[in-house]
1. Over all directions, average the projected area of the Cα convex hull of the range 77-135 and note it in nm².
2. With each pseudo-label sitting 7 Å past Cα toward Cβ, what's the Lys75-Ser113 distance in nm, one decimal?
3. Taking loop as defined by DSSP and a crowding limit of 10 other beta carbons within 10 Å, which trypsin sites (Lys or Arg not before Pro) in the range 69-135 fit?
4. Could you calculate, for the range 37-77, the ratio of the Cα radius of gyration to the Kirkwood radius, expressed as Rg to Rh?
5. May I ask you to list the lysines whose Cα is less than 20 Å away from that of Lys58, ignoring any residue fewer than eight positions away on the same chain?
6. Could you please state, rounded to a whole Å, how far the C-alpha centre of the range 65-82 is from the C-alpha centre of the range 94-114?
7. Let's see if you can work this out: charge +1 on each Lys and Arg Cβ, -1 on each Asp and Glu Cβ, no other charges. What is the dipole magnitude of the range 37-77 about its Cα centre, in debye to the nearest 20?
8. Taking loop as defined by DSSP and a crowding limit of 13 other beta carbons within 10 Å, which GluC sites (Glu not before Pro) in the range 45-109 fit?
Amino acid sequence: ADQDVEARPRRARERVREEPLPGPEADRRPDGAAGDAIFGGDDDEAGGMIQQAKAAAKSKKDQKTAKEAAREQAKLLRQNRPEAEVEHRRKTSKRILQNRGLVRARKESAGNSRVTNRKKYETKIKKRKGAVLEM
């Protein structure tokens, strides 16, 4: 390989530049009429189609919002409403509201793996202290 190789100057990255989109002036006809200059369509025809499309979109959006409001109203009606409290009656207990039926009694740490593992760790440390002399 060559010993004295000069570093080549780095080339600047060439960025792809898109041509700017033609502004509203480019859509105008030479005679000054504002129409579809690209396709050569009639003003009233294109305008009518645009108005029709806008009206269709607006009606569709209105229908969608109405349907959404109806769905929200139905959801509110379906939700569980608390019953009115009758005077001189006790509230139902949490245990009755849970309605779990006959379930076997579990240890305190049964459903909590973090606590179970911590207890295991503590017992292992105690066993190790009995087996290994501390320095």
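All of the numbers you see were taken from the coordinates with simple rules; none came from a lab. Computed from a prediction, not measured in an experiment: that's the story for all the values here. All Cβ positions, even for glycine, are placed from backbone atoms using ideal geometry, and neighbour counts span all protein chains on display.
1. 9.3
2. 3.3
3. When the trypsin sites (Lys or Arg not before Pro) of the range 69-135 are filtered for loop state and at most 10 Cβ neighbours within 10 Å, Arg89, Arg90, Lys91, Arg100, Arg104, Arg106, Lys107 remain.
4. Ratio of gyration radius to Kirkwood radius for the range 37-77: 1.39.
5. Hits, sequence-local ones excluded: Lys67.
6. Their Cα centres are 34 Å away from one another.
7. 540
8. Hits after loop and neighbour filter: Glu83, Glu85, Glu87, Glu108.
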